[in-house]
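Reading through the structure tokens given below for one structure.
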Amino acid sequence: MISKTICVIFSLLAISSIAWAEVNPVILTVSGKIEKFTDMGRKVYEFRESDLKALKQYSFDTKTSWTPRSNFSGPLMRDILNKVSASGVMVKFMALNDYAYSIERNEFAKYNVILARSMNNRVLEVKNRGPLWLMYPISDMPDETKGPLLDAKLIWQVNRVVVY
């Protein structure tokens, strides 16, 4: 009777873990020159929705080449890199559509760059540039930093980051 009860309890725990993973999926995987991992075998740190929400959230209003002035919110990119104990000087962002762009890590200290999870208080979904959109506070930046080179850094549908 006890072993049957234990089996039922473990089965319920397994089912609830699977259900929780489905409502709290991995939305960002960080690899490369990092010292902390959630999966030692693969040498990656996987951020779930709840992990990103646990980091301090920042918001700012800015306009992009694709959007009117909007409010973007999410954790600072430098906080994400600190969380994984990143040591590289470059960060490569990759999107669901395999677009990739590398950015010098010092930009994240210079500007309050966020990995936006929401725009105008709505969670970003794949159909509207989600799950994550690398966003600079463009409206607060000097004019000489704006233009096509900055636009190339505004990577949407981000799901992977490699530090090197």
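Pairs Lys56/Lys127; Lys33/Lys110; Lys63/Lys110; Lys43/Lys83; Lys33/Lys153; Lys36/Lys146: which are spaced more than 23 Å apart, C-alpha to C-alpha? Those over the limit are Lys56/Lys127; Lys36/Lys146. Exposed loop sites were defined as trypsin sites (Lys or Arg not before Pro) in DSSP loop states (anything but H, G, I, E or B) carrying at most 14 other C-beta atoms within 10 Å; in the chain the longest segment without such a site runs 70-145.
For the chain, the solvent-accessible area of protein heavy atoms averages 57 Å² per residue (probe radius 1.4 Å; ligands and nucleic acids excluded).
Its DSSP H runs of at least 4 residues, each contributing -39,500 (n - 2.57), put the calculated 222 nm mean residue ellipticity of the chain at -8000 deg cm²/dmol, to the nearest 500. For the chain, the relative contact order is 25 percent, taking Cα pairs closer than 8 Å that sit 6 or more residues apart in sequence and dividing their mean separation by the residue count. Net charge dipole, region 47-164: roughly 300 debye, given to the nearest 20, about the Cα centre with Cβ charges of +1 for Lys and Arg and -1 for Asp and Glu. Tell me which label goes with the value of Rg/Rh (Cα atoms, Kirkwood Rh) computed from the coordinates here: [x] 1.07; [y] 0.93; [z] 1.05. Label of the calculated value: [x]. In region 114-164, carbon and sulfur make up what percent of the accessible area (probe 1.4 Å)? After summing per-atom areas, the C and S share lands at 52 percent. To the nearest 10 degrees, how steeply does helix 2-23 sit against the main Cα axis of the chain, on a 0 to 90 scale? Its long axis makes an angle of about 10 degrees.
For region 59-111, the share of accessible area belonging to carbon and sulfur comes to 47 percent (1.4 Å probe, ligands and nucleic acids excluded).
The values are calculated or read from the model by the stated rules, or taken from the named source; none is laboratory data. Keep in mind the model is a prediction, meaning the values are calculated, not measured. A quick note on method: Cβ atoms are made from the backbone with ideal geometry, for glycine too, and the neighbour counts reach across all protein chains shown. Keep in mind that these areas ignore ligands, DNA and RNA; they rest on the heavy atoms of the full protein, side chains included. Shrake-Rupley method; radii C 1.70, N 1.55, O 1.52, S 1.80 Å.
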